[in-house]
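Values quoted throughout were computed directly from the atomic coordinates according to the rules given, and no laboratory measurement underlies them. Keep in mind the model is a prediction, meaning the values are calculated, not measured. So basically every Cβ, Gly included, is an ideal-geometry build from the backbone, and we count neighbours across all protein chains shown.
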Amino acid sequence: MAEDLQSYFADVRLGPFRKGMVLADRHFDRTVFKSTQGALRRKGPHRLRNIHFERCEVEAGPFWLGEDYELENVHFEKLKVWRFMFDNRTKMRHVRASSLATANRFEIQPGLTSEKEQDRQIDDPDFSLDVSGYQGALQIWGVRADGVTINPEKQTRLRHPTRDRHLGQAIGLTEHGLWSIALDQIVGRGVRDAVLSLPTPKDRDFDDQMRDIELLRFEGIAF
């Protein structure tokens, strides 16, 4: 019978008066998890360290870990999940997502459980995520973009230099085009940085989209 991911966690002492939970030094191969959103006995932090998820599946819902989780040296490989979802407050150190089998989207969203302005853009100097081997749609909002390793042929980082909603128009982007909308979303979400998938040749208005991304690179907004 499938179990929640959280059933594999164990108690750990973090200090003389503080306890948390940890999952460490495991290779999950073809494991089917009931969910990744099960309840834990203790409040965070909940730490995943030296974990390799390979060919795993989730029966119910997305593969979702929120702000109380800390991931260090974690590799997601060939997973069969309909979506990855993380909060931008989820701590990530040397996390890698590659060769995902059927995932439709990898998402990091700003403050999924918080409306506080300070939770919109998190500039963790130790944030380290490698999505260069990821195959699928990518939407990462509100984390330090230069902490994300990308494949520049398939993905791009964006950093909005202002909070001006008319920036796309000012630099000559296609009106209502993909990248004009992306800049508007950065402002609307209250973040500064994003990492997104590049269009493919089969996408509508591919030539216009690629012209716009070159404009953004010239302006130093895309990198």
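May I ask you to derive the relative contact order of the chain, considering only C-alpha pairs under 8 Å and at least 6 residues apart, and to give it as an integer percent? Intermediate values should be presented prior to the final figure.
Working: 517 pairs, mean separation 28.1, N = 223.
After rounding, I find 13 percent.
What does the C-alpha gyration tensor say about the overall shape of the range 134-215? Classify as rounded when a/c is under 1.5, otherwise prolate if a/b is larger than b/c, or oblate.
On the way: a/c = 1.90, a/b = 1.03, b/c = 1.84.
Oblate, because a/c is 1.5 or more while a/b does not exceed b/c.
Given the rule -39500 (n - 2.57) for each run of at least 4 DSSP H residues, summed and divided by the residues of the chain, what is its mean residue ellipticity at 222 nm, to the nearest 500 deg cm²/dmol? Please report the intermediate quantities before stating the final value.
Numbers: 3 runs with 29 residues, N = 223.
Mean residue ellipticity at 222 nm (helix-derived): -4000 deg cm²/dmol.
Just tell me which aspartates and glutamates come within less than 15 Å, Cα to Cα, of Lys34; anything on the same chain fewer than 8 places away is out.
Candidates past the 8-residue exclusion: Glu3, Asp4, Glu57, Glu59.
Where nothing but the Cβ of Lys and Arg (+1) and of Asp and Glu (-1) is charged, how large is the charge dipole of the range 127-218 around its Cα centre, in debye to the nearest 20? Spell out each step's value before the answer.
Values: 12 positive and 13 negative charges, 65 e Å.
For the range 127-218, the charge dipole is close to 320 debye.
Which entries in Lys19/Lys78; Lys19/Lys116; Lys91/Lys116; Lys80/Lys154; Lys91/Lys202; Lys19/Lys91 show an alpha-carbon gap greater than 29 Å?
Lys19/Lys78; Lys91/Lys202
In whole angstrom, and with the biggest value first, how far do the Cα coordinates of the chain range along each principal axis?
Per principal axis, max minus min of the Cα coordinates gives 55, 38, 24 Å.
Given the Cα atoms of the range 43-129, and with Rh set as the inverse mean 1/r over their pairs in the Kirkwood sense, what is Rg to Rh to two decimals?
0.96
Quote the relative contact order of the range 138-223 in percent (integer), defining contacts as alpha-carbon pairs under 8 Å separated by 6+ residues.
Values: 109 pairs, mean separation 35.9, N = 86.
Over the range 138-223, the number comes to 42 percent.
For Trp64, enumerate residues with amide H under 5 Å from its amide H, sequence gap 5+ or separate chain, H modeled in the peptide plane.
Those lying under 5 Å, H to H, from Trp64 are Thr36, Met85.
Please give the charge dipole size of the chain, origin at the Cα centre, charges +1 on K and R Cβ atoms and -1 on D and E Cβ atoms. Round to the nearest 20 debye. Working shown, then result.
On the way: 34 positive and 35 negative charges, 160 e Å.
The dipole of the chain has a size of about 760 debye.
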